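Enquirer: For reference, the structure I am asking about is given below.
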Amino acid sequence: MDALLVDTNIVLDLLAERKEFLIEAQELFTLSDKKEVKLYVSSLTFANTFYILSQNLKLSDARKILRKFKVLVEVLPMDDKIIDLSLESDFKDFEDAIQYHTAIENDIKIIITRNLKDFKTSKIPVLTAKSYMGLIQQP
């Protein structure tokens, strides 16, 4: 079973129902619901997602959505080592550095994001949800 770190943009595609990317996100999270993959998110993703959802929803509704969502993922902690590695990394986007080092420090072998360009120096595969779904559906 693949273990995947899911970037914030994919989580928001699902929870904010971003029409252009919703189907791929739904397919990915359905795999988790069926226990065909193990999905992880960083604690930063959880915090950022709550913040973004709460901009357009009542706080109680944002919390309710995240409570339901949490059954599909495992939330990974952010610690001193991840912050230090992220600060010293060559990532231009600090949030992406945190995502990357969260995956590395937790021995996760694949990152799922729509933001491929910011992960150019990654030593592990970085895929979109759509490309991952295509990869696993090959015979």
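Enquirer: Just to check your reading of the model, which residue among K109, K117, K123 is within 23 Å of I23 (Cβ to Cβ) and among the basic types (K, R)? Walk me through how you get there before you give the answer.
Expert: Numbers: K109 fails: within 23 Å of I23 (Cβ to Cβ); K123 fails: within 23 Å of I23 (Cβ to Cβ).
Unique residue meeting the criteria: K117.
Enquirer: Quick check: is even one residue across the range 30-37 of a type in the set (K, R), in a helix (DSSP H, G or I) and either in contact (Cβ under 8 Å) with a residue 60 or more places away in the chain or over 18 Å from K109 (Cα atoms) (or both)? It would help to see each step written out before you state the result.
Expert: Just the residues of the range 30-37 that are of a type in the set (K, R), to begin with: 34-35.
Okay, now just the ones that are also in a helix (DSSP H, G or I), so none.
Checking the range 30-37: not a single residue is of a type in the set (K, R), in a helix (DSSP H, G or I) and either in contact (Cβ under 8 Å) with a residue 60 or more places away in the chain or over 18 Å from K109 (Cα atoms) (or both).
Enquirer: Going residue by residue through the range 44-66, is there one that turns out to be more than 25 Å from I136 (Cβ to Cβ), of a type in the set (S, T, N, Q) and in contact with a Pro (Cβ under 7 Å, 6 or more places away or on another chain)?
Expert: Narrowing the range 44-66 to residues more than 25 Å from I136 (Cβ to Cβ): 44, 46-48, 50-66.
With the extra rule that they be of a type in the set (S, T, N, Q), the set shrinks to 48, 54-56, 60.
Filter again for in contact with a Pro (Cβ under 7 Å, 6 or more places away or on another chain), leaving none.
So far as the range 44-66 goes, no, none of its residues is more than 25 Å from I136 (Cβ to Cβ), of a type in the set (S, T, N, Q) and in contact with a Pro (Cβ under 7 Å, 6 or more places away or on another chain).
Enquirer: Exactly one of (1) surrounded by 12 or more Cβ atoms within 10 Å (Cβ to Cβ); (2) in contact with a helix residue (DSSP H, G or I) (Cβ under 9 Å, 6 or more places away or on another chain) is unmet by E74. Its number?
Expert: Result: E74 passes all but (2).
Enquirer: Among the residues of the range 101-118, what is the count of those that are in a helix (DSSP H, G or I), surrounded by 17 or more Cβ atoms within 10 Å (Cβ to Cβ) and touching a residue at least 24 places away in the same chain (Cβ under 8 Å)?
Expert: Within the range 101-118, residues that are in a helix (DSSP H, G or I), surrounded by 17 or more Cβ atoms within 10 Å (Cβ to Cβ) and touching a residue at least 24 places away in the same chain (Cβ under 8 Å) number 3.
Enquirer: Sticking with this structure for a sec: Could you check the range 94-123 and list, in sequence order, the residues that are hydroxyl-bearing (S, T, Y) and within 14 Å of the chain's Cα centre (by Cα)? Walk me through it before giving the result.
Expert: Let us first name the residues in the range 94-123 that are hydroxyl-bearing (S, T, Y), namely 100, 102, 113, 121-122.
Y100, T102, T113 - these are the residues of the range 94-123 that are hydroxyl-bearing (S, T, Y) and within 14 Å of the chain's Cα centre (by Cα).
Enquirer: Can you name the residue in the range 1-29 that is outside any helix (DSSP H, G or I) and among the acidic types (D, E) and is also surrounded by the most Cβ atoms within 10 Å (Cβ to Cβ) among such residues? Reasoning before the result, please.
Expert: In the first step, residues of the range 1-29 are kept if they are outside any helix (DSSP H, G or I); the result is 1-7, 16-21.
Right, trim to among the acidic types (D, E) and you get 2, 7, 17, 20.
Values: D2: 15, D7: 27, E17: 11, E20: 8.
So the residue we want is D7.
Enquirer: Right, next: Taking the residues in the range 38-53 that are touching a strand residue (DSSP E or B) at 6+ places or on another chain (Cβ under 7 Å) and assigned to a helix (DSSP H, G or I) as candidates, determine which candidate is farthest from A97 (Cα to Cα).
Expert: Kept after step one, since they are touching a strand residue (DSSP E or B) at 6+ places or on another chain (Cβ under 7 Å), are these residues of the range 38-53: 38-43, 46.
Filter once more, keeping what is assigned to a helix (DSSP H, G or I): 43, 46.
Numbers: S43: 13, F46: 16 Å.
In this case the residue turns out to be F46.
Enquirer: Please count how many residues of the range 54-67 are exposed (fewer than 10 other Cβ atoms within 10 Å of the Cβ) and part of a helix (DSSP H, G or I).
Expert: 2
Enquirer: Tell me, which residue of the range 1-36 that is within 14 Å of the chain's Cα centre (by Cα) and of a type in the set (V, I, T) is nearest to I124 (Cα to Cα)?
Expert: Here the residue is V6.
Enquirer: Of (1) surrounded by fewer than 11 Cβ atoms within 10 Å (Cβ to Cβ); (2) in contact with a helix residue (DSSP H, G or I) (Cβ under 9 Å, 6 or more places away or on another chain); (3) charged (D, E, K, R), D79 satisfies all except one. Which?
Expert: Checking D79 against (1) surrounded by fewer than 11 Cβ atoms within 10 Å (Cβ to Cβ); (2) in contact with a helix residue (DSSP H, G or I) (Cβ under 9 Å, 6 or more places away or on another chain); (3) charged (D, E, K, R), the one that fails is (1).
Okay, residues lined up against (1) at pLDDT 95 or above; (2) in contact with a His (Cβ under 7 Å, 6 or more places away or on another chain); (3) over 19 Å from Y40 (Cβ atoms):
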{"residue": "S60", "(1), (2), (3)": "no, no, yes"}
{"residue": "V71", "(1), (2), (3)": "no, no, no"}
{"residue": "V75", "(1), (2), (3)": "yes, no, no"}
{"residue": "S86", "(1), (2), (3)": "yes, yes, no"}
{"residue": "Y100", "(1), (2), (3)": "yes, no, no"}
{"residue": "S122", "(1), (2), (3)": "no, no, no"}
{"residue": "V126", "(1), (2), (3)": "yes, no, no"}
{"residue": "K130", "(1), (2), (3)": "no, no, yes"}
{"residue": "Q137", "(1), (2), (3)": "no, no, yes"}
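The values are calculated or read from the model by the stated rules, or taken from the named source; none is laboratory data. Given the structure is predicted, the values throughout are model-derived calculations rather than measurements. Note: ideal-geometry Cβ built from the backbone for every residue, glycine included; neighbour counts use all protein chains shown.
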